[in-house]
1. Looking for something at pLDDT below 90, in a loop (DSSP other than H, G, I, E, B) and loosely packed, with under 11 Cβ neighbours inside 10 Å - is there at least one such residue anywhere in the stretch 22-37?
2. Given (1) in contact with a strand residue (DSSP E or B) (Cβ under 6 Å, 6 or more places away or on another chain); (2) open to solvent by 30 Å² or more (accessible area, probe 1.4 Å); (3) without any contact (Cβ under 8 Å) to a residue 40 or more places away in the chain; (4) over 20 Å from Lys8 (Cβ atoms), where does Asp121 come up short, assuming only one miss?
3. Which number in (1) touching a residue at least 40 places away in the same chain (Cβ under 8 Å); (2) open to solvent by less than 40 Å² (accessible area, probe 1.4 Å) marks the one condition that Val130 misses?
4. Filter the stretch 73-103 down to the residues that are farther than 18 Å from Met148 by Cα and open to solvent by 60 Å² or more (accessible area, probe 1.4 Å) and list them by number.
5. Just need a number here: residues in the stretch 94-113 that are closer than 14 Å to Val29 by Cβ and either in contact with a helix residue (DSSP H, G or I) (Cβ under 6 Å, 6 or more places away or on another chain) or not acidic (Asp, Glu) (or both).
Amino acid sequence: MAENNHGKKVVDSFTIRETGEVVRAGDCVAIRPSMDDDHENLSLARVEKMETCCECRGVAAQVRWYYQPWQTKHGSRTFHGKKELHLSDRIDTRSAYTFEANCVVHTLKEYSKLTTAQPEDFFCRLEYKVDSATFMPDQLSVYCICEMPYNPDVPMILCPGCKER
């Protein structure tokens, strides 16, 4: 543990008591909703850093939230996959004791290569700026005659013109 300028100590890892999984900065986790949250589902976030918490003698984690497409101002679109997430610019602090489990957030390319996606597998291809409700990048590549971005949940047949699947 290294000490920062506020007297808190940076924590290298945290073990989820219920599962024994180890979480480090940069890992993605499922988090139980707090009493202030307006939803009952688990939320997903990337752990930016963890520090000892003076008030509760626990571990506080700075997390960067993932949004599911339906949680954005634009809502779900036909090209969004069931396991798609958008990495937002919203950062909060949560107790590490609210971590439920590790999850893996792949790039779309990595996710598409999985033979079988596990429950903890997700993918992210866009970043979401919450205040402006904009995405980065602001355009996605489109495919074939449907001219829609790729959705890994929808099988594509081989196009005779461009040879894309």
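The values are calculated or read from the model by the stated rules, or taken from the named source; none is laboratory data. All of these numbers come straight from a predicted model, not from anything done at the bench. No Cβ is skipped: glycine too gets one built from the backbone with ideal geometry, and neighbour counts run over all protein chains shown. Note: areas computed on protein heavy atoms with side chains; ligands, DNA, RNA excluded. Shrake-Rupley method; radii C 1.70, N 1.55, O 1.52, S 1.80 Å.
1. First pass over the stretch 22-37, keeping only residues at pLDDT below 90: 32-37.
From what is left, the residues that are in a loop (DSSP other than H, G, I, E, B) are 32-37.
Going one step further and asking which of them are loosely packed, with under 11 Cβ neighbours inside 10 Å, we end up with 35-36.
There is at least one residue in the stretch 22-37 that is at pLDDT below 90, in a loop (DSSP other than H, G, I, E, B) and loosely packed, with under 11 Cβ neighbours inside 10 Å.
2. For Asp121, the failing item is (2).
3. (2)
4. Those that are farther than 18 Å from Met148 by Cα and open to solvent by 60 Å² or more (accessible area, probe 1.4 Å): Lys73, Asp89, Arg90, Ile91, Thr93, Tyr97, Glu100.
5. The initial filter retains those residues of the stretch 94-113 that are closer than 14 Å to Val29 by Cβ, namely 94-105.
Subsequent filtering for residues that are either in contact with a helix residue (DSSP H, G or I) (Cβ under 6 Å, 6 or more places away or on another chain) or not acidic (Asp, Glu) (or both) retains 94-99, 101-105.
Residues meeting the conditions: 11.
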